[in-house]
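Notes to accompany the following structure.
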Amino acid sequence: METFTNKYLTWLAVIFYMLLILFLVIRGALKTKNIEDYAVGSVHFSPVAVGLALAASMTSAATFIINPGFIGLYGISGVLSFGIVMPLAIFVSLIVFTKKFRKYGTSIKALTMAQWIGNRYNSKKYALFFAVLSFLLISFIVLILVGLTQVLSVALDLPVLPVLLSIGIFVFGYMMFGGANSMVYTNAIQAVLMLIVAVILLGSGYEHFSNGVKGFLAKLDSIDPTLAQWTNPSSFLFRDYFEIIFCQIIIGIAIVCQPHIITKSLLLKNEKDVNRYLLVGILVESLFFMVVVAGLYARLAFPELILDGEAIPMDGLVSTYVVQEFPVYVSLILVLGMISAGLSTLEGLIQSLSATITTDFLKPVFGESLFNREKPRREILINRLVIVFLAAVSMFLSYQQLVAPDVSVAIFAQNGVYAYFAAAFIPVLFGMFLDDVPLVAPVVASITALVVHFGVYYGRIGSYMQEPVNNPGVAATFAILSALFLGFFIYLLDKNFQFFKTEIKEKELSA
């Protein structure tokens, strides 16, 4: 009877949440008249709302659902990596990059990352290149769909396939209409829910600290000594400080160069709002990143990672912890918060990726034969068809990851996402901070990043790449450093010897 009541209440909570989202989407859709409204909005948003939206979209199902599973499996070393080092690098990068990116993005009316890069280097082909690269971000959509499916299938006690289909149809369906006008408000509400969940999850293990931090570490040590150590040689992600600190600093700096993160600042209409936007986003995000500690609490609750005689999958560890260890009313809030963590980033990805494919891939390729300047609604219709395509591909790949994951869907996602921002980092960096950059420098850097990333990972190059499953962060680190070295070398050659025709002039930087 109690189990039936729990499911009934969970259903009611999920349905109420869906209705609230739909209300906000319809409200936003009424103000969306063209693709520009869809991409950056037609409403004057509060910097607090956009800051909350930034925190929510940066915090995906990975932070609340998937990454705590890694921490539950590998211990304190993962907290240092995912909860401390990477966030600090992200915050510094976000502060440094945001104002520069926004200043140029607003002056040229850039709607997408590909447009920003293409306009910055005066190259439509380079913009098209990044539009094609943006398909790599589908891997991140897959991660979030898998995380959401894990949470709801456990909470509702349903098979994964119908849950996956329901989530996909609902989210991609409403994102066909709302865009930025609704996304900022849904993200803000989701961020508030996530704040509540973060506090509950972080406080849920307070009894483990009855004997202080040393007592807590002793409990982890009794399960597995490597769980209480700053490095974990038995893992494939946290083996030494090179992986835990150096790689995560490089990744954290570059990770900001994702469309759904760095383009958030374009939603602000006034320059004076930027500081408040950053302050709100970073403060809230700091708390969100610490949620990975809940993975340690889950491991203490299930020391053998087994429930009712069955192994708990890593991606489902936190979901199982929430449903098994909390009273029903608290678990309802936690489930909704974890759904919010996934939806917030998923909405941003669908919005930015569909806008990129529509405006930066289909429009340049098909031109007037498909698009008509006098009919802006046609562009919106094409964008909706793109979202249908993204939904079909993403759900197919998600099901494959649910039934046959390679340790974790996070590895699948990291390979795609890390490759994208490794390729994007140098053109964004050079475009914001250097004058007279020849187009060949960022182009070569982007290609180098892709070749090195995939070459190191799939070619198993180096001592770090010899495990059955390897760390994409190591491959991305070498990719970013190689791209930076080669791109800067070409830039210096041109600066001193004028080998190449320059594309960015100083006067453009002051535009």
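Quick one: count up the residues across the stretch 403-449 that are hydrophobic (A, V, I, L, M, F, W, C), over 15 Å from Ala62 (Cα atoms) and assigned to a helix (DSSP H, G or I).
Of the residues in the stretch 403-449, 20 are hydrophobic (A, V, I, L, M, F, W, C), over 15 Å from Ala62 (Cα atoms) and assigned to a helix (DSSP H, G or I).
Conditions (1) closer than 26 Å to Val417 by Cα; (2) surrounded by 17 or more Cβ atoms within 10 Å (Cβ to Cβ); (3) touching a strand residue (DSSP E or B) at 6+ places or on another chain (Cβ under 9 Å), marked per residue:
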{"position": "Tyr185", "(1), (2), (3)": "yes, yes, no"}
{"position": "Leu201", "(1), (2), (3)": "no, yes, no"}
{"position": "Ala218", "(1), (2), (3)": "no, no, no"}
{"position": "Asn232", "(1), (2), (3)": "yes, yes, no"}
{"position": "Phe242", "(1), (2), (3)": "yes, no, no"}
{"position": "Phe246", "(1), (2), (3)": "yes, no, no"}
{"position": "Gly252", "(1), (2), (3)": "yes, yes, no"}
{"position": "Thr263", "(1), (2), (3)": "yes, yes, no"}
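Sort through Ile189, Ile138, Ile117 and tell me the only one that's at pLDDT 90 or above, in a helix (DSSP H, G or I) and aliphatic (A, V, I, L, M).
Ile138
Looking at the stretch 184-225, which of the residues that are among the hydroxyl-bearing types (Ser, Thr, Tyr) and in contact (Cβ under 8 Å) with a residue 40 or more places away in the chain is farthest from Val292 (Cα to Cα)?
Tyr185
Please find, within the stretch 397-438, the residue that is farthest from the chain's Cα centre (by Cα) out of those that are more than 28 Å from Met465 (Cβ to Cβ) and surrounded by fewer than 19 Cβ atoms within 10 Å (Cβ to Cβ).
Asp436
Would you mention how many residues in the stretch 263-316 are in contact with a Ser or Thr (Cβ under 8 Å, 6 or more places away or on another chain), closer than 26 Å to Ile411 by Cα and among the small types (Gly, Ala, Ser)?
Of the residues in the stretch 263-316, 2 are in contact with a Ser or Thr (Cβ under 8 Å, 6 or more places away or on another chain), closer than 26 Å to Ile411 by Cα and among the small types (Gly, Ala, Ser).
To keep it simple, each residue is scored yes or no on (1) part of a helix (DSSP H, G or I); (2) touching a residue at least 40 places away in the same chain (Cβ under 8 Å); (3) surrounded by 22 or more Cβ atoms within 10 Å (Cβ to Cβ); (4) at positive phi.
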position: His453; (1), (2), (3), (4): yes, no, yes, no
position: Val474; (1), (2), (3), (4): yes, yes, yes, no
position: Thr477; (1), (2), (3), (4): yes, yes, yes, no
position: Leu481; (1), (2), (3), (4): yes, yes, no, no
position: Leu486; (1), (2), (3), (4): yes, yes, no, no
position: Phe489; (1), (2), (3), (4): yes, no, no, no
position: Asn496; (1), (2), (3), (4): yes, no, no, no
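When you check Gln190 against the structure, is it under 22 Å from the mean Cα position of the chain (by Cα) and within 30 Å of Met432 (Cα to Cα), yes or no?
Against the criterion (under 22 Å from the mean Cα position of the chain (by Cα) and within 30 Å of Met432 (Cα to Cα)), Gln190 does not qualify.
If you scan the stretch 403-445, which residues turn out to be farther than 20 Å from Ile250 by Cα, in contact with a Leu (Cβ under 7 Å, 6 or more places away or on another chain) and aliphatic (A, V, I, L, M)?
Answer for the stretch 403-445, where residues must be farther than 20 Å from Ile250 by Cα, in contact with a Leu (Cβ under 7 Å, 6 or more places away or on another chain) and aliphatic (A, V, I, L, M): just Val409.
The values are calculated or read from the model by the stated rules, or taken from the named source; none is laboratory data. Remember, predicted model here, so these are calculated numbers, not experimental data. Cβ atoms come from the backbone with ideal geometry, glycine included; neighbour counts cover every protein chain shown.
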